[in-house]
Amino acid sequence: MWYFIIFGLLALYVIIDGSSRKLEVVKTVLWAIGTFLLGVVVLPIYIAKRPLKANQIREGGFAWNVLKNFALTWTILMVAISISAIGAATGTPVNSDAEAAGTAIGVGIVIVILAVVWFFPMVGAIVLGFFLKNSAIVERGPTGRLAQEARVT
């Protein structure tokens, strides 16, 4: 259930953000659907490709921006999973000290596993991103349709 809430909200954000950046409606809807279905992969790509508004700057190139935003999205997802898992594990009533100890040990194991599952992809993305980062690439807004509108007015 947490997945639908988080990625539903992120898909809604993509719709609102895409329309404010003058993306075509079909493209905005497709980005939103992709975010809802595969948010951890699609949302970082959307953020790295979306048109920039006036006075916005995007540095480091496409690969760096995708990997940086993947690390952020992955962290958000893992926090939600951790809260859900810990809530489920601690929500069970215990009838004895042995059950309480077992629950504490189980929660500890779950926390360690979730920390490892979060840490390695996140650090891997950031390290790879630093190797792929090209500081010479600097995009300044407005871009895309926003730039066309700025020229017309």
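Axis of helix 25-49 versus longest Cα principal axis of the chain: the two differ by about 50°, to the nearest ten degrees. Converting phi to 3J(HN,Hα) with the Karplus coefficients 6.51, -1.76 and 1.60 and the offset θ = phi - 60°, the stretch 77-89 yields 4, 5, 5, 5, 5, 4, 4, 5, 5, 5, x, 5, 6 Hz in sequence order, with x at every glycine or proline.
Distance between the 7 Å Cα→Cβ label points at F119 and A147: 4.3 nm. Excluding same-chain neighbours fewer than eight residues apart, the lysines reachable from K68 by a Cα-Cα span under 24 Å are K27, K49, K53, K133. Working note: Cα gyration tensor of the chain, eigenvalues times five, square-rooted, sorted largest first, giving semi-axes of 40, 19, 9 Å. The value for the stretch 91-153 of Rg(Cα) / (2.2 N^0.38 Å) is 2.34. Multiplying the residue separation of I137 and I76 by 0.36 nm and subtracting their alpha-carbon distance yields 19.2 nm. Fewest neighbouring Cβ atoms within 10 Å first, the residues K27, K53 line up as K27, K53. Does the stretch 5-66 come out rounded, prolate or oblate, given a ≥ b ≥ c as the square roots of the eigenvalues of its C-alpha gyration tensor, rounded meaning a/c under 1.5 and, failing that, prolate meaning a/b above b/c? It comes out oblate by the Cα gyration axes. Here V112, V107 are placed in order of increasing Cβ neighbour count within 10 Å, fewest first, which gives V112, V107.
Once the chain from I57 to V94 is taken as fully extended at 0.36 nm per residue, the excess over their C-alpha distance is 8.0 nm. Helix 97-132 and the long axis of the chain differ in direction by around 20°, with both axes built from C-alpha atoms.
Just so you know, all these numbers are worked out from the coordinates, no wet-lab data involved. Since this is a predicted model, take the numbers as computed values, not measurements. Here the Cβ is made from the backbone with ideal geometry for all residues, glycine too, and neighbour counts use every protein chain on show.
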